[in-house]
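Each remark here refers to the structure printed beneath this line.
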Amino acid sequence: MSTIGIVGAGLMGHGIAYLLAAAGHTVRIYDPSAEWRNSLPQRLETARALLSGDPALMDRITAHDQMATAMKDVAFVFEAGPEKLPLKQQIFADLESVTAPATILCSNSSAIPTTEIGAGLKHRDRVVGTHFWNPPHLVPLVEVIQNDATSDETVRKTVDLLREAGREPVHVKKDIPGFIGNRLQHALKREAIALVAAGVCDAETIDTVCKTGFGARMAVLGPMEQSDLVGLNLTLDIQNVLLADLDNSTEPTDFLKEKVAAGKLGMSAGEGFRRWTKESADAVRERLRRYLADQAKAARK
Ligand SMILES: NC(=O)c1ccc[n+]([C@@H]2O[C@H](COP(=O)([O-])OP(=O)(O)OC[C@H]3O[C@@H](n4cnc5c(N)ncnc54)[C@H](O)[C@@H]3O)[C@@H](O)[C@H]2O)c1
């Protein structure tokens, strides 16, 4: 088992810490904010209770206000600080000065390429993207993104660590915006928003079509397997008819921009694409939390 450092005790950092401690590792979290450090035990306990984890694993996680103490002799660091390039570059420069050259430095950035985050470092071969999905202790996928300087050994060791921790790591071979998951998700969202904006249907109908149609089978049948299942000739015939008609905008639609400008940001505002009460929004969050926890527990059996 390894000693692993986490930078940032926020939403993602605490979930990654829980996941790795549950896998048997010793985890040290660095966060300069006393507020985030103080709320950490309660948030970790919520994760543990949801997954019925062994209470002893909590003793393997400690919070630190000094990076050098937290990162002493760690094998890996998972950075989950704010999504700002200059800050991440500074964090990685600091990490380089307090870790050995062999320590693997992973960034959980959602969108910033590690090519840029690690640009000023001496040992860029050990810098790699690890894009977890929220909540990281419940959603299996981690995209492991190799940039031009990342060594194959760094990728292999990172994939092995994550797989042994019960994740489903995938190797992304180019450091491209959105990696794989968010590109697919936003290709779908672009079309969904365009359909609603064009008056084809309302937002609730989009959700129904996804959840009860192709989404109902998607957890067990990906789009490539599904194409092979029905036959690529059928996929080609459909694409010949359909592709020219799909939305191909290269910037967000006015429909989305106007919602945001009007403060219709979604559940927190009571309205986004759909209308929400506190109760209906809470019900969605609880449904998601339960579903993911049940899946995670079933995967452990
Ligand atoms: N929230 C998501 O759904 C999600 C999903 C995938 C990836 N990410 C990425 O993960 C990263 C963290 O996101 P989050 O949602 O956990 O954010 P968050 O705001 O919940 O947590 C950020 C943490 O970083 C700490 N921090 C601030 N300055 C710091 C510094 N100088 N050094 C170390 N820590 C510092 C904050 O105190 C806070 O605890 C971001 O890069 C984000 O893009 C987020």
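None of the figures in this text is laboratory data; all of them are computed from the coordinates on show. Predicted model, so just to flag it, every value in this text is computed and none were measured. Neighbour counts are summed over all protein chains in view; Cβ atoms, including those assigned to glycine, are modelled from backbone coordinates with ideal geometry.
Below is a table of values for the structure above.
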| read-out | value |
| --- | --- |
| Distance in nm between pseudo-label sites at Leu221 and Glu116 (7 Å out along the Cβ direction from Cα) | 4.0 |
| For peptides 220-226, 53-59, sequence by mean Cβ density within 10 Å, most packed first | 53-59, 220-226 |
| Calculated FRET value between Val200 and Ala299, using beta carbons and R₀ = 30 Å, to 0.05 | 0.20 |
| Cβ-based exposure ranking for Lys173, Lys301, Lys259, in which fewest neighbours within 10 Å come first | Lys301, Lys173, Lys259 |
| Ordering of 107-120, 179-192 by packing [mean C-beta count within 10 Å, highest first] | 107-120, 179-192 |
| Net charge over other residues, Cβ less than 14 angstrom from the Cβ of Met67 (K, R count +1; D, E count -1) | -2 |
| Nitroxide proxy distance, nm - points 7 Å out along Cα→Cβ at Ala100 and Asp207 | 5.1 |
| Separation between Cα centres of region 268-296 and region 149-182, rounded to whole Å | 30 |
| Using alpha-carbon coordinates, inclination of helix 34-51 to the longest axis of the chain, degrees | 60 |
| Spatially proximal aspartates and glutamates relative to Lys84 (Cα-Cα < 17 Å; intrachain offsets below 8 disregarded) | Asp31, Asp94, Glu116 |
| Pairwise FRET efficiency - His186 versus Leu265, Cβ, R0 = 25 Å, nearest 0.05 | 0.90 |
| Alpha carbon convex hull of region 180-251, volume per residue in cubic angstrom | 111 |
| Viscosity 1.002 mPa s, 20 °C: Kirkwood-radius Stokes-Einstein D of the chain over Cα pairs, µm²/s | 101 |
| Segments 12-20, 265-273, 152-160 sorted - mean Cβ within 10 Å per residue, highest first | 12-20, 152-160, 265-273 |
| FRET E, pair Lys257, Glu279, Förster distance 41 Å, beta-carbon r, rounded to 0.05 | 0.90 |
| Relative contact order (%) - the chain, alpha-carbon pairs under 8 angstrom, separation at least six | 13 |
| Angstrom value of the Kirkwood radius, inverse mean 1/r, which spans all Cα pairs in region 1-86 | 12.7 |
| Under 13 Å, Cβ to Cβ, from Ala23 - net charge with Lys/Arg +1 and Asp/Glu -1 | +1 |
| Folded to 0 to 90 degrees: helix 203-212 orientation relative to the chain principal axis, Cα | 70 |
